[in-house]
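To start, the structure itself, in structure tokens.
The values are calculated or read from the model by the stated rules, or taken from the named source; none is laboratory data. All values derive from a computational prediction rather than experimental measurement. Glycine gets a Cβ as well: all are built from the backbone with ideal geometry, and neighbour counts include every protein chain shown. Side chains included, ligands, DNA and RNA excluded: accessible areas come from the protein's heavy atoms. Shrake-Rupley method; radii C 1.70, N 1.55, O 1.52, S 1.80 Å.
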Amino acid sequence: MTCTGAEAFVATLAACGVDTCFANPGTSEMQLVAAIDREPGIRAVLGLFEGVVTGAADGYARMADKPAVTLLHLGPGLANGLANLHNARRAASPVINMVGDHATYHLHFNAPLTSDAAGVARPMSDWVRVAQSPRDLAQAGAEAFVAAMDWPGRVATVIVPADHAWNGGAAPAAPRPVPPPARAPNAAIAAAAEALRASDGPVALLLGGRALRAEALAVAGRIAAATGAKLICETFTARLQRGAGRVSIDRLPYFGEEAAAFLAPFRTIVFCGTEPPVAFFAYPGKPSELSPPGVQLVRLALLREDALAALTALADDLDAPAEPAGLQDRVVPAAGERLDADAIGAVLAELMPAGAIVSDEGLTASAALFEATKGAPPHDWLMVTGGAIGQGLPLATGAAVACPTRQVVALQADGSGMYTCQALWTMARERLNVVTVIFNNASYAILNIELSRVGVQNPGPKALSMLSLDRPRLDWCALAAGMGVPAERIDSVAGFRAAFERALAASGPALIEAML
Ligand SMILES: Cc1ncc(C[n+]2csc(CCOP(=O)(O)OP(=O)(O)O)c2C)c(N)n1
Ligand SMILES: [Mg+2]
């Protein structure tokens with residue numbers, strides 16, 4: 001029996017294990033909408049802006065370790081979703097995009113929505129495929145799944161011409177085997193062991209990617225026990241498993257000079273799942289590379305090599321003890337009187353349930369929140385990996401779809417939140433267990449800091465007007481209510497504590513607007 005190209009494509013994705021579609025469709029995608037309608041194995045989740053759709057696919061991927069599929073409307077719809085595809089790509093998240101396009105014979109008429117969809121896809125995709133026929137569309141689906149699963153994950157985009165979607169004669173393609181992750185070479189493991197044994201001073205292990213999962217961190221803790229190595233994580237992690245009972249790890253500071261000072265004492269740094277760090281931006285007269293001059297840099301495993309296997313082999317080589325060093329105790333810092341990120345972090349550390357998932361787009365609040373919650377019950381911490389803001393609320397949405405039994409907490413700066421605040425509507429519609437905390441400082445605060453850091457002196461009112469969010473001040477409670485999410489505004493630590501308790505107890509989403 002044959003079916004349409006769209007049906008064959010969707011059935012192939014389902015057979016590969018895709019169970020979720022984050023969608024914002026248009027006319028050219030109606031065959032795909034109908035095919036998903038008939039596919040019982042795939043849940044459809046509507047996002048009201050494409051940045052929500054792609055950011056949710058990233059959040060889903062980080063938690064499920066497999067791709068969701070997005071449904072996007074030709075080049076312009078895809079273009080709206082690119083910034084969060086950039087973040088997904090920097091997180092090495094598996095994502096499949098299905099992007100509709102005009103029917104092949106319609107393209108040359110240059111109708112209004114005509115664009116180079118594949119050209120739009122390329123910069124933020126690792127793999128792009130334009131389907132050639134209805135039958136080829138199913139093949140493209142099977143190939144896209146393997147491309148997206150290229151360990152630990154990639155962004156794969158399939159352009160779907162409308163006539164290939166609606167024409168018949170197609171059949172689902174068989175799923176293809178997903179290859180196991182590449183192994184770090186033995187020579188790299190031996191070099192790391194030798195460097196750690198023979199270092200002429202303090203040693204550090206700088207971890208990123210899949211080295212930040214609990215199992216890998218436990219092995220890193222054993223290596224720390226054997227060598228005294230300090231464990232450091234990259235500044236912006238895709239998914240860090242942390243909290244009480246897990247191996248604790250310090251975060252490389254964001255500002256370049258702080259990061260350089262942090263790394264200065266080390267004579268040997270071994271990298272696993274990440275590369276030697278560089279400054280987020282260049283600043284006049286300041287170095288790009290953050291590792292101290294003359295330090296020995298050893299790459300144990302690259303991002304795309306199996307971090308757990310490499311750490312395990314290194315621990316064996318070092319005869320590391322079975323018990324990891326640096327296990328984190330359950331710690332709740334005292335919350336001060338003043339409502340700030342430290343106090344909110346202290347309340348989170350006290351009240352966050354075990355297994356919580358935190359989407360951190362707290363920007364200037366982030367460092368304090370991260371520090372305060374290190375002794376919270378075990379949880380996962382997800383950050384903005386590619387520096388493109390507007391990720392936090394969509395990421396929380398996708399994580400909640402992937403993990404319906406876990407509590408998601410979105411720690412959200414106000415300016416960044418406005419890029420993709422439509423995610424709140426999806427949280428309400430899907431009744432997702434997300435508590436959003438908005439840090440309303442009525443400012444692009446970080447940019448005010450950066451303005452002086454790049455050396456601008458005495459900025460005028462016009463410059464400052466580009467960095468402030470007052471006149472009018474945003475009303476997040478009204479925004480949330482308008483999208484179906486119950487919200488309350490608080491301006492004290494006690495108020496936050498009570499509101500957070502209420503929000504956790506309620507089912508479905510809630511928003512707390514903290515006035516800083
Ligand atoms: C897609 C994108 N656009 C613009 C920027 C530049 N940018 C960086 S931080 C920022 C403002 C952040 O303000 P907010 O989210 O309120 O955090 P705060 O600094 O107040 O803590 C902007 C506009 C960016 N990083 N990414
Ligand atoms: Mg702000």
Inside the range 402-431, the number of residues satisfying the requirement of being away from ligand 1 (no atom under 16 Å from the Cβ) and open to solvent by 10 Å² or more (accessible area, probe 1.4 Å) is 11
Hey, does the range 10-20 have a residue that's without any contact (Cβ under 8 Å) to a residue 12 or more places away in the chain and either among the acidic types (Asp, Glu) or not in a helix (DSSP H, G or I) (or both)? no
With the first residue restricted to the range 120-133 and required to be under 16 Å from residue 96 (Cβ atoms) and hydrophobic (A, V, I, L, M, F, W, C), and the second required to be assigned to a loop (DSSP other than H, G, I, E, B) and open to solvent by less than 40 Å² (accessible area, probe 1.4 Å), Cβ contacts under 9 Å at 6 or more apart or on different chains are 124/81
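With the structure loaded, tell me whether residue 472 is surrounded by fewer than 17 Cβ atoms within 10 Å (Cβ to Cβ), within 16 Å of ligand 2 (Cβ to nearest atom) and within 25 Å of residue 420 (Cα to Cα) or whether it fails that test. Can you show your working first?
Numbers: surrounded by fewer than 17 Cβ atoms within 10 Å (Cβ to Cβ): yes; within 16 Å of ligand 2 (Cβ to nearest atom): yes; within 25 Å of residue 420 (Cα to Cα): yes.
Taking the combined requirement at face value, the residue satisfies it.
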Screening 373, 364 for residues that are surrounded by fewer than 24 Cβ atoms within 10 Å (Cβ to Cβ) and of a type in the set (S, T, N, Q) leaves only 364
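May I ask you to list the residues in the range 18-27 that are open to solvent by 20 Å² or more (accessible area, probe 1.4 Å) and farther than 9 Å from residue 68 by Cα? Give the derivation first.
Within the range 18-27, the subset open to solvent by 20 Å² or more (accessible area, probe 1.4 Å) is 19, 24-25, 27.
Across the range 18-27, the qualifying residues are 24, 25, 27.
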Selection from the range 144-175 of residues free of Cβ contacts under 8 Å to residues at least 60 places away in the same chain and surrounded by fewer than 18 Cβ atoms within 10 Å (Cβ to Cβ) yields 146
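Go through the range 277-301 and give me each residue that's open to solvent by less than 30 Å² (accessible area, probe 1.4 Å) and either without any contact (Cβ under 8 Å) to a residue 24 or more places away in the chain or over 17 Å from residue 252 (Cα atoms) (or both). Steps first, please.
The first filter runs over the range 277-301 and keeps only residues open to solvent by less than 30 Å² (accessible area, probe 1.4 Å), leaving 277, 279, 283, 290-292, 295, 298, 300-301.
Matches in the range 277-301: 279, 283, 298, 300, 301.
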**Prompt:** Among the residues of the range 428-435, is there at least one that is within 13 Å of ligand 2 (Cβ to nearest atom) and within 24 Å of the chain's Cα centre (by Cα)?
**Reply:** no
Filtering the range 255-284 for residues that are in a loop (DSSP other than H, G, I, E, B), modelled with pLDDT of 95 or more and among the hydroxyl-bearing types (Ser, Thr, Tyr) leaves a count of 1
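Within the range 86-115, can you find the residues that are in a helix (DSSP H, G or I) and either free of Cβ contacts under 8 Å to residues at least 60 places away in the same chain or crowded, with 22+ Cβ neighbours inside 10 Å (or both)?
Let us first name the residues in the range 86-115 that are in a helix (DSSP H, G or I), namely 86-90, 104-109.
Result: 87, 88, 105, 106, 107, 108, 109.
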Looking across the range 71-85 at residues that are open to solvent by 10 Å² or more (accessible area, probe 1.4 Å) and among the small types (Gly, Ala, Ser), the single one that is farthest from residue 166 (Cα to Cα) is 83
(1) touching a Ser or Thr at 6+ places or on another chain (Cβ under 6 Å); (2) closer than 30 Å to residue 111 by Cβ all hold for residue 199 apart from (2)
Listed by first then second residue, the pairs whose first member lies in the range 432-445 and is within 14 Å of residue 352 (Cβ to Cβ), whose partner is more than 7 Å from ligand 2 (Cβ to nearest atom) and part of a loop (DSSP other than H, G, I, E, B), with beta carbons under 6 Å and at least 6 positions apart or on separate chains, are 433/407; 434/509
Of the candidates 333, 292, 287, 321, the one satisfying the condition of being over 26 Å from the mean Cα position of the chain (by Cα), under 21 Å from residue 211 (Cβ atoms) and assigned to a loop (DSSP other than H, G, I, E, B) is 321
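Only residues that are open to solvent by 80 Å² or more (accessible area, probe 1.4 Å) and either more than 23 Å from residue 405 (Cα to Cα) or of a type outside the set (A, V, I, L, M) (or both): list them for the range 495-515, please. Break it down into steps so the answer makes sense when it comes.
Of the range 495-515, the ones open to solvent by 80 Å² or more (accessible area, probe 1.4 Å) are 501-502, 505, 507.
Within the range 495-515, 501, 502, 507 meet the criteria.
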Restricted to the range 432-469 and to residues being open to solvent by 60 Å² or more (accessible area, probe 1.4 Å) and touching a Gly at 6+ places or on another chain (Cβ under 9 Å), the residue farthest from ligand 1 (Cβ to nearest atom) is 447
Output for Cβ contacts, cut-off 7 Å, separation at least six or different chains, first residue within 13 Å of residue 497 (Cα to Cα) in the range 324-341, second of a type in the set (Asp, Glu) and surrounded by 11 or more Cβ atoms within 10 Å (Cβ to Cβ), reads 336/342; 339/491
Here, helices (runs of 4 or more DSSP H) confined to the range 343-459 with at least 1 residues that are farther than 23 Å from residue 240 by Cα are 414-417, 423-429, 445-453
